[in-house]
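For reference, the structure is listed below as structure tokens.
The values are calculated or read from the model by the stated rules, or taken from the named source; none is laboratory data. What you see is a predicted model; the values in this text were computed from it and never measured. All Cβ positions, even for glycine, are placed from backbone atoms using ideal geometry, and neighbour counts span all protein chains on display.
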Amino acid sequence: MGSAAWAVPVLVTANAVPAVASSMKTDLAVDVVDPPYDLDHWRPKDEVPVYRGPRGHRIAARGSLPPSIRITNVGRLTAVDPSGSVEIIIRDYGNDRASSAPGRLKAGTTNPSVMWTDTTNQSGAKYKYTCRGELRPGQSIDIPLRYFVNPPFLHAEFNVLVAAWVEDQQEGDYDDNSLRIGHVPWISVF
Amino acid sequence: MSFNITRRTLLKASAIAAAAAPADAVSGQPAVATGGSNRIAIIGSGYGGAVAARKLAQAGKQVDLIEMGTDWEKMSPIKGRIFTTMTSPSARSMWFKTRTDMPFSYLGGMDLVNRRIDRGAGALDIEYFANMKVYVGRGIGGGSLVNGGMAVTPRRSFFEKVLPQVDAEEMYNVYFPRANSGLRVNDPAMDVVMNSPWYQFARVSADQAKRAGIGHVMVPNVYDFDYMRKEVYGQVPRSALDKQVIFGNDYGKNSLPKTILKEALATGRVNVIPMTEVRSIERAPEGAFRLQTKTIDFNGNLIENRTREYDRVVLAAGSIGTTRLLLSAQGEGTINGLPDAIGRGWGPNGNTMLARRLRTRSGWRQSTIPVMGLSNWDDSTDSVFAEIAPFPAGIDLRTGVYLALTNNPHTGTFTWNRGSQKMFLDWGPSHAEPSVRAAQKFFDRINRANPGTGYRSDLFEKHKTFSDYFTYHPLGGAVLGEATDLQGEVKGVPGLFVMDGSLIPAKIGVNPFVTITALAERNMDRLVDAQRF
């Protein structure tokens, strides 16, 4: 139960600031977009695909999962190559236990301008991302998430925590981190 | 991210002073301490007291904040926790009780819910009257320590009916937003509500209400829902997800010591005096107020009896505590000129609680922080706003629990009995009847739309289906504009102020603490501007 698990990952990224405004700081916000819900029947809306394999087109399951991550420049300086990290952890729904396969649900992105690096370890699926280019004040960039599992994979109903961080120079503000919980009814791929 | 729990580091001179009290005081003999000119006392550290302390301190005033309960921020953790869970109560759970007394008395008609505990200055107290039990918080932070954190701004139309003497435009443009911001009110996390097992109970109830054509309301809360997301994942110590609520909450909930009181204490001008009950108030001939106080330790041992003298006194001891101090002063003749309106206009905010058999799983895991309500509120006497409440028993009882808030037209009156030195309340089942009737009409409709569901009558005292004998939301007793002027200064007694739920007559249609906070913000602005301190 260490809070260290939730420390902001150290990133070495080029989050450049124009020299003319060296006294100002970049200020970015990250939002993990809400999973879809079925408010007519008060249940998760299982419509976001989980693919079989990183590049395959066969769908292994569908879940109520955050479809994307959005980075927004909420400051007054243009941010160059904004970057951050993402972590995805699964947890058993039925018995309130950590999954025996916490990092087996993985993700990539379909946004070609985002450099996405897998840094997964035993505690969960982890990634670093860099959005290449400039993000002007008020602009946003979406990082669509493409979930997948590598077969063989068998798992009963589980929750999915998607946590995202963005790096900026405005340290400690509340919007540098965002979390959402998703849901997958079950997956069975061989 | 850092999840270290911030503990106050301010030195509280009062606690040290209490520990080093003179011998005559320790022996129980009254001693006189003179506060000097411009000394201000605030009695009670709940929502109104916290706002008053912050406002006065930020205006440069030195204040004594007197609280009869524990300073929980200074308590040592036991097994990592300050507060207890509902299923493992201790002396820290209830105020000098030998047994817990929770809203649900029975399970399956059997006495399985309440537990024996040691006596101590616990967080939850009950004020008992002939036909009414009033749940109140004890400790620095008052009711904010023990409530579910449901932070609801009332419908403006109803607010205008209940408090027509207050400028609603100003309240809704200035003071409600300020209160919500100061209390760190935020919207529930829909992903947790919809996708986690911890809110299955709420989803089932909302779905069944929808079948009856009754809509849901997502209810804002002071709980940090990012913290709750991490609780779901076991990444941080659990509180809402580990049966902490009515006996206090260690993590996640932004109760007053983490918000408004923290800001007040940061000024360095608020002297907190915990474990000190104000027994009576007397107005001295020269105009100062003399408070007879009794300080105890956690086990109830007397530390000192003392007389404290102040020029200004803010009563923020809650509807019951404040009304009792005023009525006793009136009844015993220690303050002349108190208005006849003291003790009137009391009500339980139309509270009535009930439980339904859902005939479907409600989940064995239940977050203690409610996030949803059902509502048909149209300001009529049939109006119901029903919180969907958890029943964190640790097993799946297939039960839905609701706290219905209703628009009950009745009010109660407190009176002081000199012989017994006690305050009496004339509230009885006939007063509560409109609340029960409205709730039954509302939930009959839901039961009819969901065949096989029905009420449970095996949880409350006397096998009642609808509780009519307890409240979490005491309001009134010193109503704004009647017992006080329009800023909360007691009529006929300059320098004595009321700043809590006593000001609101009987009901407000939602959980009242946001309204109490906003009203205190408004009143304190006016009083400070008018240089009443």
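Quick notes on this one:
- Of the residues A:Arg136, A:Arg97, the single one that is closer than 27 Å to B:Pro197 by Cα, basic (Lys, Arg) and out of contact with any Pro (no Cβ under 9 Å at 6 or more places or on another chain) is A:Arg97.
- B:Glu282 being farther than 18 Å from B:Gly46 by Cβ, of a type in the set (Asp, Glu) and touching a residue at least 40 places away in the same chain (Cβ under 8 Å): yes
- Scanning the range B:243-264 turns up no residue that is surrounded by fewer than 23 Cβ atoms within 10 Å (Cβ to Cβ) and more than 21 Å from the chain's Cα centre (by Cα).
- Filter pass, B:Arg526 being over 27 Å from B:Met372 (Cα atoms) and out of contact with any strand residue (DSSP E or B) (no Cβ under 9 Å at 6 or more places or on another chain): yes
- Taking the criterion of being within 12 Å of chain B (Cβ to nearest Cβ) and within 20 Å of B:Asn195 (Cβ to Cβ), the residues of the range A:165-190 that qualify are A:Asn177, A:Ser178, A:Leu179, A:Arg180, A:Ile181, A:Gly182, A:His183, A:Val184, A:Pro185.
- Hits in the range B:194-211 (condition: in contact with a strand residue (DSSP E or B) (Cβ under 9 Å, 6 or more places away or on another chain), touching a residue at least 24 places away in the same chain (Cβ under 8 Å) and more than 7 Å from chain A (Cβ to nearest Cβ)): B:Tyr199, B:Phe201, B:Ala202, B:Val204, B:Ser205, B:Gln208, B:Ala209
- Cβ-Cβ distances below 8 Å connect the following pairs, each with a first residue in the range B:404-422 that is in a strand (DSSP E or B), a second residue that is surrounded by fewer than 19 Cβ atoms within 10 Å (Cβ to Cβ) and of a type in the set (Gly, Ala, Ser), and a separation of six or more residues or different chains: B:Trp416/B:Gly331; B:Asn417/B:Gly331.
- Lone qualifier among B:Leu302, B:Leu315, B:Leu325 - being under 15 Å from B:Met68 (Cα atoms) and over 24 Å from the mean Cα position of the chain (by Cα): B:Leu302
- Exclusive hit being at pLDDT below 95 and acidic (Asp, Glu), set B:Asp396, B:Asp426, B:Asp340, B:Asp379: B:Asp396
- Listed by first and then second residue, the pairs linking a residue in the range B:220-236 that is within 7 Å of chain A (Cβ to nearest Cβ) and more than 17 Å from A:Trp165 (Cα to Cα) to a residue that is of a type outside the set (D, E, K, R) and part of a strand (DSSP E or B), with Cβ atoms under 7 Å apart and 6 or more places separating them unless they lie on different chains, are B:Val232/A:Asn159; B:Val232/A:Ile181; B:Tyr233/A:Ile89; B:Tyr233/A:Leu161; B:Gly234/A:Ala98.
- Checked against (1) within 18 Å of the chain's Cα centre (by Cα); (2) at the interface with chain B (Cβ under 10 Å from one of its Cβ atoms), A:Asp38 meets all criteria but (1).
- Elements of type strands (runs of 3 or more DSSP E) contained in the range B:253-354, each with 3 or more residues being closer than 26 Å to B:Phe414 by Cβ: B:276-283, B:289-296, B:302-310, B:312-315
- The residue of the range A:41-53 that is surrounded by the most Cβ atoms within 10 Å (Cβ to Cβ), among those that are outside any loop (DSSP other than H, G, I, E, B) and more than 14 Å from chain B (Cβ to nearest Cβ), is A:Val50.
- In the range A:54-71, the residues that are more than 23 Å from A:Thr130 (Cα to Cα) and more than 14 Å from every other protein chain (Cβ to nearest Cβ): A:Gly56, A:His57, A:Arg58, A:Ile59, A:Ala60, A:Ala61
- The range B:99-150, subset closer than 24 Å to B:Asp500 by Cα and of a type in the set (D, E, K, R), residue surrounded by the most Cβ atoms within 10 Å (Cβ to Cβ): B:Arg138
- Subset of the range A:72-96 that is within 14 Å of another protein chain (Cβ to nearest Cβ), in a strand (DSSP E or B) and within 30 Å of A:Ala156 (Cβ to Cβ) - its residue that is farthest from the chain's Cα centre (by Cα): A:Asp92
- Strands (runs of 3 or more DSSP E) (entirely within the range A:117-176) containing at least 1 residues that are under 15 Å from the mean Cα position of the chain (by Cα) and closer than 17 Å to A:Glu87 by Cα: A:125-131, A:140-149, A:158-166
- Some residue of the range B:70-81 being of a type outside the set (S, T, N, Q), touching a strand residue (DSSP E or B) at 6+ places or on another chain (Cβ under 8 Å) and buried (at least 16 other Cβ atoms within 10 Å of the Cβ): yes
- Residue within the range B:105-124 that is touching a strand residue (DSSP E or B) at 6+ places or on another chain (Cβ under 9 Å), aliphatic (A, V, I, L, M) and closer than 25 Å to B:Ala355 by Cα present: yes
- Condition check for B:Thr381: more than 14 Å from chain A (Cβ to nearest Cβ), β-branched (Val, Ile, Thr), touching a Gly at 6+ places or on another chain (Cβ under 6 Å) and surrounded by fewer than 24 Cβ atoms within 10 Å (Cβ to Cβ): no
- Test: B:Glu309 is among the acidic types (Asp, Glu), more than 23 Å from the chain's Cα centre (by Cα) and crowded, with 21+ Cβ neighbours inside 10 Å: no
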